[in-house]
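Participant: The structure follows.
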């Protein structure tokens, strides 16, 4: 099937890329932080965070799929994420929207301060600096990576392993273990605990 040369793909540029409030905040952040951080707008959470043990935590993928943080400030030399910045558009009766609460949790867990900035068309540098200081105080101590936060590779064939439960009537019945993803062709196994 040949495509008509006059036809166009069904994509169009989304305008504007940044809303007025986002553009105003981007300009101020660039002025304040430009010598120290790279200011990246609209960073997808799936580009920033990975899901540990993905075969066991598939349901967590939907929590970050098609979601972004408004701005990510990264170290100029290492590109390491240093701050997240989220424009708070509306506040519910209990203080914060569910999506904003989740975003706060994921950033705190990663030990990255998340700055919540109320939506406005104009921002004052002193107000933004105070919000950054508050976010750093809330972030607290760096998170710890747990020993089994990644899936082991099979000791026999080197492929990824999958969390499984012994179903036999042996002493191991009901106990979890990692089995090779290529089972039954590969009988590689790693005992948990």
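Participant: Looking only at segment 118-135, count every residue that is outside any helix (DSSP H, G or I) and surrounded by fewer than 11 Cβ atoms within 10 Å (Cβ to Cβ) and tell me the total.
Facilitator: 3
Participant: Now for a separate question. Tell me, yes or no, whether segment 138-152 has at least one residue that is at pLDDT 80 or above and outside any loop (DSSP other than H, G, I, E, B).
Facilitator: yes
Participant: For the list (1) surrounded by 12 or more Cβ atoms within 10 Å (Cβ to Cβ); (2) under 23 Å from residue 51 (Cα atoms); (3) modelled with pLDDT under 85; (4) assigned by TED's automatic domain parsing to the domain that holds residue 47, I need the number of the one condition that residue 178 fails.
Facilitator: The one condition residue 178 does not meet is (4).
The values are calculated or read from the model by the stated rules, or taken from the named source; none is laboratory data. No experiment lies behind these values; they were computed from the predicted model shown. We place every Cβ from the backbone using ideal geometry, glycine too, and count neighbours over all the protein chains shown.
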